[in-house]
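What follows is a single structure, written as structure tokens, with notes after it.
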Amino acid sequence: MNQHLAPETLEPPATPDLNSLLLAPRAAQAHHATAVPIYQTASFLFESYDELAAVFAGTSDRFIYSRGNNPTVAELESVIAALEGVEAARGFASGMGAIAAAIMPFVQAGDRVVAVENLYSDAFRLFEVVLKKFGVTTDYVDGSDTEAVIAALPGAKLLYLESPTSWTFTLQDLAPIAKAAKAEGVLTVIDNSWATPLYQRPAELGIDLIIHAASKYLSGHSDTIAGLVCGPKALIDRINHEAYHYLGAKMSPFDAFLVLRGLRTLGLRMARHMENGLALGRALQDHPAVTQIRHPGFHDHPARAALSGYGGLFAFDFDASVDVPRFANSLRLTRLGVSWGGAESLIIPGEAAIGLAGASNSFRRFKVSPRTIRFAAGLEEPGALVEDVLQAIEKARK
Ligand SMILES: Cc1ncc(COP(=O)(O)O)c(C=O)c1O
């Protein structure tokens, strides 16, 4: 199984202090509000013709219209940019809105994209259903094979990474890959939702654009759909001019507020998600019915050095002795459901994912095992979570 017990502790992340970022918000200063207010307004008024003309001409940065800029969303954008250690960020209506906006401005008909195998299933559909229609083709590579990734770069326009991938949990060695991409003039984009900026900071390793599905850990309560793209100002400006304003998938002020609220407990929550994922991995790695643990903490790979912590989302594979539907139906604490990053533990069995309706099914394309169980470890007490999974396995063994 080539498995290694996950380390008990990891180097603490070198991340700006979250509280000081969140307690000095520009938008809140007017009334000394502790939390960032929700600016639920479509538009903003001008005192005079001269002021309006200055704003239109771009010589004043006052707010105009909330599809473009909104104080609550702007606050979140500046906090995330600081956490990722980059110049700028933009908020979107969903993680997919962020992914689309990070790609569309940089490709055109005839271009080739390289993406990692087992990327998020709807990102795969974006490439296969939408980009293909506009004449952009995508080649898929095993992201854990750094030489294979580098060999695929010549002639490509953009490299799409997700480290780790959110079904097989395959890491990519970001520093050498980013260096090779730079030498080939290939733009690098990564989905960093699993690690969050607390546990992985891709810009420090040379990656150009960083995406967050803020619907997951950043908001953290399964009550928000939101996304962010972070990177150097020049690239974010290009996204502004070629995708943000005209595709219109902007983040709402209320969703920005929920993500800002979630960020206040991000460090605490991530520590528990990590603890729960590792506790389950340890309990299952020697279980006779489990053939594989898919968790970056349980496999040696040079890319692990980029992580200062682990998300709680991972997977494991059952042998033939377990009846998967019976296992799923026997869980008491853990629920069945898509998504991840909230307080509750959720599973999706591979067999159900393989059966997902619609064209371009990534689970079939990348031959996901029907015996894989994807497990989003929530915030429950670790002992209770482990007990729940072990009792469900016992009930489901033939
Ligand atoms: C790894 C990953 N990236 C991106 C997304 C897309 O985020 P959203 O649902 O907010 O569009 C998801 C959603 O499940 C995801 O799991």
Of the criteria (1) within 25 Å of the chain's Cα centre (by Cα); (2) crowded, with 18+ Cβ neighbours inside 10 Å; (3) small (Gly, Ala, Ser); (4) farther than 20 Å from Arg294 by Cα, which one Ala376 fails | (4)
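Can Leu76 be described as surrounded by 12 or more Cβ atoms within 10 Å (Cβ to Cβ), touching a helix residue (DSSP H, G or I) at 6+ places or on another chain (Cβ under 6 Å) and outside any loop (DSSP other than H, G, I, E, B)? Let's see the steps before the verdict.
Numbers: surrounded by 12 or more Cβ atoms within 10 Å (Cβ to Cβ): yes; touching a helix residue (DSSP H, G or I) at 6+ places or on another chain (Cβ under 6 Å): yes; outside any loop (DSSP other than H, G, I, E, B): yes.
It is true that Leu76 is surrounded by 12 or more Cβ atoms within 10 Å (Cβ to Cβ), touching a helix residue (DSSP H, G or I) at 6+ places or on another chain (Cβ under 6 Å) and outside any loop (DSSP other than H, G, I, E, B).
Among the residues in the range 166-174, are any closer than 19 Å to Glu77 by Cα, more than 16 Å from the ligand (Cβ to nearest atom) and modelled with pLDDT of 95 or more? I'd like the intermediate steps shown before the answer.
At the first step, the residues of the range 166-174 found to be closer than 19 Å to Glu77 by Cα are none.
No - not one qualifying residue is present in the range 166-174.
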Count of the range 71-89 residues which are over 16 Å from Thr196 (Cα atoms) and β-branched (Val, Ile, Thr) | 2
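Which of the residues spanning the range 283-313 are in a helix (DSSP H, G or I) and without any contact (Cβ under 8 Å) to a residue 60 or more places away in the chain? Let's see the steps before the verdict.
At the first step, the residues of the range 283-313 found to be in a helix (DSSP H, G or I) are 283-285, 296-298, 302-306.
Listed by number, the list holds a single entry, Ala305.
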Which residues, taken from the range 224-233, are more than 15 Å from the ligand (Cβ to nearest atom) and open to solvent by less than 10 Å² (accessible area, probe 1.4 Å)?
-> Gly231
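Asp317: acidic (Asp, Glu) and either free of Cβ contacts under 8 Å to residues at least 12 places away in the same chain or not in a loop (DSSP other than H, G, I, E, B) (or both), yes or no?
Answer is yes for this residue.
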State which residue pairs qualify: first residue more than 15 Å from Ser222 (Cβ to Cβ) and assigned by TED's automatic domain parsing to the domain that holds Ala377 and inside the range 344-356, second residue polar (S, T, N, Q) and outside any helix (DSSP H, G or I) in any location, beta carbons under 8 Å apart, and separation of 6 or more residues or different chains.
-> Pro349/Thr372; Gly350/Ser369; Gly350/Thr372; Ile354/Asn361
List pairs: first in the range 210-226 and farther than 16 Å from Arg90 by Cα and aromatic (Phe, Trp, Tyr), second open to solvent by less than 10 Å² (accessible area, probe 1.4 Å) and more than 7 Å from the ligand (Cβ to nearest atom), Cβ under 6 Å, 6+ apart or cross-chain?
-> Tyr217/Thr196; Tyr217/Gly341
Can you tell me which residues in the range 243-282 are under 16 Å from Thr72 (Cα atoms) and part of a helix (DSSP H, G or I)?
-> Pro253, Phe254, Asp255, Ala256, Phe257, Leu258, Val259, Leu260, Arg261, Gly262, Leu263
Do we have any residue at all in the range 213-223 that's surrounded by fewer than 24 Cβ atoms within 10 Å (Cβ to Cβ), away from the ligand (no atom under 15 Å from the Cβ) and not small (Gly, Ala, Ser)?
-> no
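Going through the range 325-352 one residue at a time, which ones are assigned to a helix (DSSP H, G or I) and open to solvent by 10 Å² or more (accessible area, probe 1.4 Å)?
Looking only at the range 325-352, we keep the residues that are assigned to a helix (DSSP H, G or I), and these are 325-330, 350-352.
Within the range 325-352, Pro325, Arg326, Ala328, Asn329, Ser330, Glu351, Ala352 meet the criteria.
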Would a scan of the range 13-35 turn up a residue that is modelled with pLDDT of 90 or more, hydroxyl-bearing (Ser, Thr, Tyr) and under 25 Å from Ile211 (Cβ atoms)?
-> no
Scanning for something open to solvent by less than 20 Å² (accessible area, probe 1.4 Å) and outside any helix (DSSP H, G or I), does the range 170-178 turn up at least one residue?
-> yes
Given the structure, is Leu131 closer than 29 Å to Ile293 by Cα and at pLDDT 95 or above?
-> no
Could you please let me know if Ala33 is away from the ligand (no atom under 16 Å from the Cβ) and open to solvent by less than 20 Å² (accessible area, probe 1.4 Å)?
-> no
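The values are calculated or read from the model by the stated rules, or taken from the named source; none is laboratory data. Given the structure is predicted, the values throughout are model-derived calculations rather than measurements. As a convention, Cβ positions derive from the backbone with ideal geometry for all residues, glycine included, and neighbour counts pool all protein chains shown. Ligands, DNA and RNA are stripped out before the accessible areas are found, and what is left, the full protein with its side chains, is counted by its heavy atoms. Shrake-Rupley method; radii C 1.70, N 1.55, O 1.52, S 1.80 Å.
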